[in-house]
């Protein structure tokens, strides 16, 4: 559905890009949790392997940096706890005007749902998601290698970042009724069960 919605163009109408982002984010979070389950079930251990070549989206130039499919992000983005300013009133500075001052008013930009906006980042992440779905064991091994690297860093710095961030997963919506919302809830529950009550694989 996402591939049909986005296609292979560099631009999309604003409303289509927004709709695609709302589905892609919970799908990415669900896949991360699915990889945690696969790694636990298969009891995959970290093992260094040679990096594989990164494929290129068909129909695009190889010279452009944005055409390369990135590796799927295995770790959730961390929450930002920086305080956000909620003040939306006038700035606390004096507004001084002079009689001979020439004021230039820039035309106000009107944003509409049909405006064409850049969709290259969305397309690249969608293709990365598609490629990861086609190679779950390989991505689970990649996750094990990254976890091993981060455990090594933890031994030195004392800091460790797990694949799943605490609390609700990225893209979670309490009242979401899209199929991706239900998939995310199920995968999150399965990942928690696999981590705390690992199944017997012997």
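Determine the gain in length on full extension of the stretch residue 10-residue 172; use 0.36 nm per residue of separation and subtract their C-alpha separation, reporting nm with one decimal.
Extra length from residue 10 to residue 172 when fully extended: 55.6 nm.
Among 109, 161, which comes first, second and so on when ranked by fewest other beta-carbon atoms within 10 Å?
By the 10 Å Cβ count, ascending, the order reads 109, 161.
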**Asked** What is the packing order of peptides 68-75, 162-169, taking the mean over residues of other C-beta atoms within 10 Å and listing the highest first?
**Response** 68-75, 162-169
**Prompt:** By how many nm would the segment from residue 121 to residue 162 grow when fully extended, if each residue of separation counts as 0.36 nm and the alpha-carbon distance is taken off?
**Reply:** 12.3 nm
**Request:** Neighbouring Cβ atoms within 10 Å as the yardstick, rank 4, 18 fewest first.
**Result:** 4, 18
**Asked** Which parts of the range 1-32 would a label at residue 114 reach, counting a residue when its backbone N lies under 11 Å from a point 7 Å out along Cα-to-Cβ?
**Response** none
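Quick note: the coordinates plus some simple rules give every number you see, no bench work behind them. Everything quoted here is computed from the prediction, not taken from an experiment. For neighbour counting, all protein chains shown are included, and Cβ atoms are generated from backbone atoms with ideal geometry for every residue, glycine included.
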